[in-house]
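Novice: I'd like to ask you about the structure that follows.
The values are calculated or read from the model by the stated rules, or taken from the named source; none is laboratory data. All figures in this text were calculated on a predicted structure; none of them were measured in a lab. Here the Cβ is made from the backbone with ideal geometry for all residues, glycine too, and neighbour counts use every protein chain on show.
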Amino acid sequence: MNSYILDGNAVAAEIRSEVKHGVEQIVRDGLCPPHLRVIMIGSNTASQTYVRLKMQDCEEVGISSSLSVLNDSITMNEVMDLIDDVNNNDEINAVIIQKPLPSHLDSELLDSSLSPSKDVDGLHPVNLGLLLQGNPRFIPATPLAVRELLVRSNIDIVGKNIVVIGRSNLVGKPLALILAQKNIYGNATVTIAHTGTKNLRAITLEADIIIAATGYPNTVTADMVRSGAIVVDVGINRINDSSRKRGYRLIGDVDFENVKTVAGAITPVPGGVGPITRAMLLKNTLDTIKANY
């Protein structure tokens, strides 16, 4: 048995097209396109790549973007001053702080300092609270990407047993919330598994859908997946590979080659959740305008 490969690139292209049309409509109605400010601290190579791709995505759909690059020795107070300027700049509709941050900076405090109405990563406590209440303003892009992938791939979620492996504030927790919410895109029975979970294999073997978001390769192996289950791999890990020109290759949290012989459908890495995550950031940015439209 070979799994159906869930094509994240195709879903992302569909979403980008929708966002582009939305931006064009706003401009036709005499408004300025939304403006996304990206704050990047330090010179992390992966972050530089992600930021470049995000800004290319913005250009493709007609969203304005700008970048603040800060030295990794910057103080909390200096970053907070910049955030205050961005919050009070009416020409900037959306802002994200690229992660990871240097260890001396308090990521949660910085996220909490963003204006909730501009926090398109959905990590401000107000936005997380609205999500918990079932009335979200911005949902973090990766959980939103997972849901969109399932919905747009015609995978029914209602009533399904879903195991989310990982409990981060960025992915695991908000993902569990949106999949369990009482609506046509949720209503699943969700189990959150984590490092303290005992007998993980027994739990995943009962799942209709397994979502891996741990940041560790081979978290999900073939013996953990019942025949026909859906497997979504959120992870992205760099593995040294001297045979590649760049010296590494990207893999997820799932043992893809073996799990695909068991699962009914599976996401690849790369080309699965990642492209949709970038597209959902664009949608959230567009929504900063539409909320007041």
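Novice: Counting only residues that are surrounded by 14 or more Cβ atoms within 10 Å (Cβ to Cβ), more than 22 Å from the chain's Cα centre (by Cα) and free of Cβ contacts under 8 Å to residues at least 60 places away in the same chain, how many does the range 234-261 have?
Specialist: Looking only at that region, the number is 1.
Novice: Hey, can you tell me all the residues within the range 106-123 that are assigned to a loop (DSSP other than H, G, I, E, B) and buried (at least 21 other Cβ atoms within 10 Å of the Cβ)?
Specialist: 114, 118, 120, 121, 122, 123
Novice: If only one of 96, 83, 39 is assigned to a helix (DSSP H, G or I), crowded, with 16+ Cβ neighbours inside 10 Å and of a type in the set (Val, Ile, Thr), which one is it?
Specialist: After ruling out the rest, the residue left standing is 83.
Novice: Do the conditions hold for residue 281, that is, is it within 23 Å of the chain's Cα centre (by Cα) and surrounded by fewer than 24 Cβ atoms within 10 Å (Cβ to Cβ)?
Specialist: no
Novice: Would you mind telling me which numbered condition in (1) part of a helix (DSSP H, G or I); (2) over 16 Å from residue 149 (Cα atoms) residue 277 fails?
Specialist: Just one mismatch for residue 277, condition (2).
Novice: From the list 273, 231, pick out the single residue that is touching a Leu at 6+ places or on another chain (Cβ under 7 Å) and either surrounded by fewer than 17 Cβ atoms within 10 Å (Cβ to Cβ) or among the hydrophobic types (A, V, I, L, M, F, W, C) (or both).
Specialist: 273
Novice: Here is a follow-up. For the range 34-46, state whether one or more residues are at pLDDT 95 or above, under 30 Å from residue 150 (Cα atoms) and more than 19 Å from the chain's Cα centre (by Cα).
Specialist: Within the range 34-46, one or more residues are at pLDDT 95 or above, under 30 Å from residue 150 (Cα atoms) and more than 19 Å from the chain's Cα centre (by Cα).
Novice: Sort through 93, 87, 127 and tell me the only one that's in contact with a Pro (Cβ under 8 Å, 6 or more places away or on another chain), closer than 15 Å to residue 37 by Cβ, at pLDDT 95 or above and not hydroxyl-bearing (Ser, Thr, Tyr).
Specialist: Only one candidate passes the filter, namely 93.
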